Structures are given as C-alpha cells and as structure tokens.
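Beneath this line is the structure, given in structure tokens, with notes to follow.
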Amino acid sequence: MRILHTADWQIGAHLAFLGEGAAAAREKRFETVATLVDLAVAEAVDCVLVAGDVFDSPDLSEASLRRVLTLLEGLGDVPVVLLPGNHDPSVPGGVWDRALWKHVPSNVLRALTPRELEVREDFAVYPCPVRQKSSRLDPTRWIPKRADGDQRYRVGLAHGALDVLPHRGNFPIGTGRAEEAGLDYLALGDWHTPMVQGRIAYSGSPEPGSFRERDSGHALIVDLPEPGAEPQIEQRRVAALAWQKLVRRIDHEADLGALARALHPLRSELVLDLQVEIGDTQLVAAVEDFVEELRAEAFFLRSDCQALPQRSLDDLGQPLASELDAELLQALHDLENGGSRQNAGALQVDGAALTLEELVEARRQLSLLAQRASDGATR
C-alpha cells in the first residue's frame, strides 16, 4: 500500500505581508497542487490523503474551488480523501457545503463525518473532520480499535496538535493514538513542518506561508509493506517557491560574491528575508547595488542592510593589552618570589603558555602597532 500524505494547502490564503506579490503567491499554490497530482501519478500511489486546511477559509470563492477540483481530475481513478481542518471547518454554507461537490468524480471523497471509509476492500481510512475553529477534545478519540481478525490496512486522518508540540492546546492528539487504535499509520495536518513520530506523521505544508516555518514545502510518500508493519516514509519536495531567511556579514568582496552565487539558481522563485551586516564601509555601495538587482529578479525580497560601526586598532588592541599586562605582572611576581611562571590560567598560543620573554615582546609589538595607528590618525 502506497499513500501520498499532504496537508495545509490553504488555498486562498491572503499572504498580505507579501504586498504586491500576494496575488502571485496565491496562484503558486494552484501550481503546487498540480505538482502534488503529478507526484501521486508518478509514484503510482494507491491513495492521496489531505489532512485538513485544504482551503484557508470556509468562505473560499466558487472559482477557486472549481480550479482545485479540476486539478484533482488529473488523479484519474486514484482516490483522494479531503479533510476539513480548523481553517476550513465543515460548517453550513461553507466551502464544503457547495453544490459544486455534487458533480465531482467518485474518487474525490469529502470526509465530513467521523466514520470508516472503506477506500478499498483491504484498506480503511478513519477521518476526523473538524467542525469548528478550536476545541480541547482529541479529534481521533472516536476511532475504534482494530477488531480481532481484521487484516486490512487501517489509516487515520486528522488535523490537530500532537502532544509533543510546543503549542498543543487546540485539537490535542496523543502520541500513542496509532498504537491504541491499531492503526498502521496516522496522517496529520496543522503543523507546517514535517515530523515523524513512529506511526504518526505530519507532512507539513506543501507551500510555506511565513518565514517562521522550517522545512515546509514537502509531501510524504508512505509505504505500508503489510498490515501491522512499520510505515516507510520519504519526503518529496513540491513547493513552487523557495522561502529563505538569511543573515549575512559582508567584510570582503568575496563574501558578497559568495552570497550572490548561492542565491542565483533560485532568484525567480525566491521569497527572501535578508539581513546584511556590512563590516567594511567601502562595500556599502556594492551591497546596495546587489540588493536592488536581487529585488528586481526575486519573487519577493524584504531586506535590511546595516553598516557596522568601524572599530579602531586601539579598540581592538586594548583588551589584549590589558591581558598581556596582567600576565606580565603575574610572571614578575612569580620570579620575585623565587618561582617560575605558572602555566595554569596563563595566556596561551597554540596550547602552550607564553614565556616571560615572549610576553615582553608581544607587549612591545602591540605598543608599536598602537603608536603607528596613532601617528597615522594625526597626519
């Protein structure tokens, strides 16, 4: 049994923080659904499971719903089970209640009630649809235990917060639910980062929706060798856009060149939050030119470039001078008392403590450098 597990498409998401790029980003989500359909066909899956938040709101437009259903026709006879989530709960008059659903192919299944769906004679899905924005109840609590002699594949489909997540109050689900119910696999949505906990997994969102999301942009291919066997799970990247949040320090032209080369292959797909710290003020103009060039080519760019305050040689040298002075005083104190310089806690270079002669020479060289810098500044 092979399953494509996905969730949190959030078709129709506003994405207002992308400004003028928001409408184009919403369009990209339809491209991502098309990629998921192509992946399901290429991987010859037996079923596609969408674990909630298929749509961003129960008020999705009729045109957007029609586009999604048209894309799903590309699955042919492959069953696809669509589950309402907390963004698109099953409510009267909402997106799941439209007349358009009466005309969808028989392989497109709306999971609007918590009941067993026998997708195939040897394969049952236990959907846990959401009917409200929030709840403190476990949506999987209704799933019955495996009956004695039941040799079918049994897979749960739910939208909620696994109890290992940092924020797990809404639709809480225990990590032991798959074993308790005798499920071969429990496909979850709501958490936008892929996560696997034994027989339970989040696919994550196939298209990121913020810079806070880590490693979004995937779907899962789940192989169930036989009922009762451990699932074999692999990620597949499907995102249309590449979201990145980068902080880079530019001290040399080579640093800027390296950044440009790293971003070049992704430019037209890039949604980037870029912070640049400029260590050399002579590079400010070059960095600004690069950022403007990137802004023209990237899908979206939010940038913050700051020139760091320049530090003088005296600023850099003073802490070392103080440390050398302390070491010299300690060495002289040891000699005056008839001992030798102690290594413990002493200033070291390459793992060896400096001798008294080396300390004196290092302090002399530091003083000469400071003097040269002072002479240069007064000319």
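The table for this structure:
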quantity: Residue match in the range 243-254 (condition: touching a Gly at 6+ places or on another chain (Cβ under 9 Å), charged (D, E, K, R) and open to solvent by 20 Å² or more (accessible area, probe 1.4 Å)); calculated: yes
quantity: All positions within the range 80-100 that are in contact (Cβ under 8 Å) with a residue 24 or more places away in the chain and part of a helix (DSSP H, G or I); calculated: VAL95, TRP96, LEU100
quantity: Residue satisfying condition, being at pLDDT 95 or above, over 14 Å from GLY52 (Cβ atoms) and of a type in the set (Lys, Arg), within set ARG115, ARG136, ARG120, ARG110; calculated: ARG115
quantity: Selection count, the range 9-68, where residues are in contact (Cβ under 8 Å) with a residue 60 or more places away in the chain and among the small types (Gly, Ala, Ser); calculated: 7
quantity: Candidate set from the range 54-77 (those that are part of a loop (DSSP other than H, G, I, E, B) and out of contact with any strand residue (DSSP E or B) (no Cβ under 6 Å at 6 or more places or on another chain)); member that is surrounded by the most Cβ atoms within 10 Å (Cβ to Cβ); calculated: ASP56
quantity: Whichever residue in the range 129-169 is open to solvent by less than 20 Å² (accessible area, probe 1.4 Å) and of a type in the set (A, V, I, L, M) and, among such residues, is nearest to VAL222 (Cα to Cα); calculated: VAL155
quantity: Residue count, the range 218-230 (criterion: open to solvent by less than 20 Å² (accessible area, probe 1.4 Å) and touching a Phe, Trp or Tyr at 6+ places or on another chain (Cβ under 7 Å)); calculated: 2
quantity: Only one of LEU266, LEU283, LEU274 that is part of a helix (DSSP H, G or I), open to solvent by less than 70 Å² (accessible area, probe 1.4 Å), under 22 Å from ALA22 (Cβ atoms) and of a type in the set (A, V, I, L, M, F, W, C); calculated: LEU266
quantity: Residue, surrounded by the most Cβ atoms within 10 Å (Cβ to Cβ), within the range 1-41, restricted to residues that are out of contact with any strand residue (DSSP E or B) (no Cβ under 8 Å at 6 or more places or on another chain) and not in a helix (DSSP H, G or I); calculated: LEU15
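The values are calculated or read from the model by the stated rules, or taken from the named source; none is laboratory data. Every value quoted in this text rests on a predicted model; they were computed, and no experiment measured them. We place every Cβ from the backbone using ideal geometry, glycine too, and count neighbours over all the protein chains shown. For accessibility, only protein heavy atoms count, side chains too; no ligands or nucleic acids. Shrake-Rupley method; radii C 1.70, N 1.55, O 1.52, S 1.80 Å.
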